[in-house]
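Trainee: Sending over a structure as structure tokens; questions will come in a sec.
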Amino acid sequence: MRRLHYSSGLIITLFVVVHLFNHVYSLFGVHAHIRLMEALRGIYRHPVAELVLFIAIGLQLVSGLKLAFKKRKSVTLFFEKLQIWTGVYLAVFLLIHLSAVVSGRFVLNLDTNFYFGVAGLNTWPLNLFFGPYYGLAIMSFFGHIAAVHSKKMKQPLLGLSPHQQSYGILLLGAMLTLVVFYGLTNGFQGVDLPEAYRVVVGGRGVM
């Protein structure tokens, strides 16, 4: 079960790193973000790659929740607890996020590009939910990595202990979250949604 969880986690981590890089690229504008996304889709939307990713997510959810349920009463250290908390949140997030993307593609017949992803984040008052929702997802991703790093890493690096390195990973996650949010909200000023994407937020305007 642990090997299954670890192996599927590596596949998902690779995709998330690429996905977050794409979001950081929004600093160069919406069209730059979409151009990069379209180029990357040539890889991760290939039928084989997409099937492998979907299977990895399914395996990660099942194995992760089983491991969390098994270990929930035996953990005592901060990073041990963080691994369980972030794992459970990521499982819930992946279920909701994946369902939304599939619904957007096959039910609403929308291109689930930049505008689909940022609709809730740029619409008042929905952003009161989607801000924490996305922010906690990014922080949970880095928190999960930090927790695993704390457990696996045994040697100091650049004069930092494994625990200090893990706190550094958390700090990197917090900084990246702000950068991503800055890009996805047009410098926190809001993004004007095309008419086709207003159905995602019930026809509302932007914040």
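Trainee: For Q155, are the conditions met, namely being of a type in the set (S, T, N, Q), within 30 Å of K81 (Cβ to Cβ) and in contact with a strand residue (DSSP E or B) (Cβ under 7 Å, 6 or more places away or on another chain)?
Mentor: When the stated conditions are applied, Q155 does not pass them.
Trainee: If you take the residues in the range 54-102 that are in contact (Cβ under 8 Å) with a residue 60 or more places away in the chain and more than 13 Å from H144 (Cβ to Cβ), which one is least open to solvent (accessible area, probe 1.4 Å)?
Mentor: Applying the filter and picking the extreme gives S63.
Trainee: Could you tell me which numbered condition P132 fails, if it satisfies all but one of (1) touching a helix residue (DSSP H, G or I) at 6+ places or on another chain (Cβ under 7 Å); (2) at pLDDT 95 or above; (3) open to solvent by 60 Å² or more (accessible area, probe 1.4 Å); (4) not hydrophobic (A, V, I, L, M, F, W, C)?
Mentor: P132 satisfies all of (1) touching a helix residue (DSSP H, G or I) at 6+ places or on another chain (Cβ under 7 Å); (2) at pLDDT 95 or above; (3) open to solvent by 60 Å² or more (accessible area, probe 1.4 Å); (4) not hydrophobic (A, V, I, L, M, F, W, C) except (1).
Trainee: If you don't mind, there's one more thing I want to ask. Taking the stated definitions as given, is L193 among the aliphatic types (A, V, I, L, M) and open to solvent by 50 Å² or more (accessible area, probe 1.4 Å)?
Mentor: Values: among the aliphatic types (A, V, I, L, M): yes; open to solvent by 50 Å² or more (accessible area, probe 1.4 Å): no.
For L193, the condition - among the aliphatic types (A, V, I, L, M) and open to solvent by 50 Å² or more (accessible area, probe 1.4 Å) - is not met.
Trainee: Next question. From the list L95, L65, which one is within 21 Å of G135 (Cβ to Cβ) and modelled with pLDDT under 95? Spell out the reasoning first.
Mentor: Values: L65 fails: within 21 Å of G135 (Cβ to Cβ).
None of the other options fit; the residue is L95.
Trainee: For the range 103-120, which residues satisfy the criterion of being free of Cβ contacts under 8 Å to residues at least 60 places away in the same chain and open to solvent by less than 80 Å² (accessible area, probe 1.4 Å)?
Mentor: Let us first name the residues in the range 103-120 that are free of Cβ contacts under 8 Å to residues at least 60 places away in the same chain, namely 103, 105-107, 109, 111-112.
Within the range 103-120, S103, R105, D111, T112 meet the criteria.
Trainee: Could you list, in sequence order, all residues of the range 121-145 that are in contact (Cβ under 8 Å) with a residue 24 or more places away in the chain and over 12 Å from the mean Cα position of the chain (by Cα)?
Mentor: The initial filter retains those residues of the range 121-145 that are in contact (Cβ under 8 Å) with a residue 24 or more places away in the chain, namely 121-124, 126-127, 131, 133-145.
L121, N122, T123, W124, L126, N127, G131, I145 - these are the residues of the range 121-145 that are in contact (Cβ under 8 Å) with a residue 24 or more places away in the chain and over 12 Å from the mean Cα position of the chain (by Cα).
Trainee: May I ask you to list the residues in the range 147-173 that are open to solvent by less than 60 Å² (accessible area, probe 1.4 Å) and touching a residue at least 24 places away in the same chain (Cβ under 8 Å)?
Mentor: A147, V148, S150, S166, I169, L170, G173
The values are calculated or read from the model by the stated rules, or taken from the named source; none is laboratory data. Everything numeric here is computed off the predicted structure, so don't read it as measured data. Using ideal geometry, Cβ is built from the backbone for each residue, glycine included, and neighbour counts are taken over all protein chains shown. SASA here: full protein model, heavy atoms, side chains in, ligands and nucleic acids out. Shrake-Rupley method; radii C 1.70, N 1.55, O 1.52, S 1.80 Å.
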